[in-house]
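Novice: Can you read through this structure? Questions will come right after.
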Amino acid sequence: MAHPSSPEPHRPQLPSGPRRLVARAPILLFRAGLGWVFGGRLLLLHHTGRVSGLDRRVVLEVVHHDASGWTVASGFGPRAAWYRNLRAQPKTVVQAGNRHHAVTAHFLTPDEGAAIMSRYAARTPRLARRLCAFMGFHAADDETLFREAGRAIPFVHLTADPGRASDR
C-alpha cells in the first residue's frame, strides 16, 4: 500500500508470452541445481496457492541478506500472487544457491521499506534510479526518491527458521 502522501506507483505489467518464458527461466536453473550461478542475488521462493493449494515457485531478487534471512520486494505490488500467498501462509521454503531453508515471511512497514530502499540505493544507485523511474516515482533529490519508492513497494523479510527443517 502506498504512503497516503505518495502517489500510487505505476505497477509494471506481468510478463506474458515469450517474455514470461524468459522471466521464468531462472526457475529451471534452480531446479536443475544451478542456483549457485546467481551468486546470492536471486532466490527461489516456494509458496502454496491460497485458492488452489498447489505448490508454486517464483524467483525473486534479494534486496538484502544477513544471518537472519533474506529481504525481497514485490515490484508488482501487494496483488502479486506470491505476496498474497505468503500473506495466507507465511511459513515456507526458499532455495538460495543450492540450499533449501525453512523461512517465515514478515511483512515490513512502509517506514521499514523506505530505510531498506535507501540502503539498497546506496549499494546500487543507477539500478535504484531506473527502478524508481520505471515505477513512476519522481523527486527533487535521490534520497527523497528512494524513500518514497520504499514506502510504496511492499517488502518482505524471509526469516530463517533454524529449528524447522526444510520440507523440500
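The values are calculated or read from the model by the stated rules, or taken from the named source; none is laboratory data. Small disclaimer: the values here were computed from a predicted structure and weren't measured. As a convention, Cβ positions derive from the backbone with ideal geometry for all residues, glycine included, and neighbour counts pool all protein chains shown. Accessible surface is based on the protein model in full, side chains and every heavy atom, while ligands, DNA and RNA are left aside. Shrake-Rupley method; radii C 1.70, N 1.55, O 1.52, S 1.80 Å.
Novice: I'd like the FRET efficiency for Asp111 and Arg31, computed as 1/(1 + (r/R0)^6) with the beta carbon distance as r and R0 of 25 Å, rounded to 0.05. Intermediate results must be reported in sequence, preceding the final value.
Specialist: Values: r = 37 Å, r/R0 = 1.47.
Efficiency, rounded to the nearest 0.05: 0.10.
Novice: In Å, the Kirkwood hydrodynamic radius of region 77-133 over pairs of distinct alpha carbons?
Specialist: 13.5
Novice: Write down the Å³ per residue value for the convex hull defined by the alpha carbon atoms of the chain.
Specialist: Normalising the Cα hull of the chain by residue number yields 123 Å³.
Novice: Let's test the formula: R0 of 45 Å, r as the Cβ-Cβ distance of Arg129 and Thr104. What FRET efficiency results, to the nearest 0.05? Write out the running numbers ahead of the final one.
Specialist: Working: r = 32 Å, r/R0 = 0.72.
Once the sixth-power term is evaluated, E becomes 0.90.
Novice: Return the carbon/sulfur percentage of the accessible area of the chain, one whole number, probe 1.4 Å, all protein chains in place.
Specialist: Roughly 57 percent of what the probe reaches on the chain is carbon or sulfur.
Novice: Now a separate question. Quick check for me: using +1 on Lys/Arg Cβ and -1 on Asp/Glu Cβ, what's the dipole size of the chain about its Cα centre, in debye to the nearest 20?
Specialist: Result for the chain is approximately 680 debye, rounded to the nearest 20.
Novice: Then there's this: Roughly how far apart, in whole Å, are the Cα centres of region 124-147 and region 42-66?
Specialist: What the calculation gives is 26 Å, centre to centre.
Novice: Which is farthest toward the positive dipole end of the chain among Gly77, Ile116, Ser52, measuring Cα position about the Cα centre, with Cβ charges +1 (Lys, Arg) and -1 (Asp, Glu)?
Specialist: Of Gly77, Ile116, Ser52, it is Ser52.
Novice: Ignoring ligands, DNA and RNA, how do Glu148, Glu61 rank by accessible area with a 1.4 Å probe, largest first?
Specialist: From most accessible down to least: Glu61, Glu148.
Novice: Further, regarding this structure: Any idea what the relative contact order of the chain is, in percent, if you count C-alpha pairs under 8 Å spaced at least 6 apart?
Specialist: It comes to 28 percent, rounded to a whole number.
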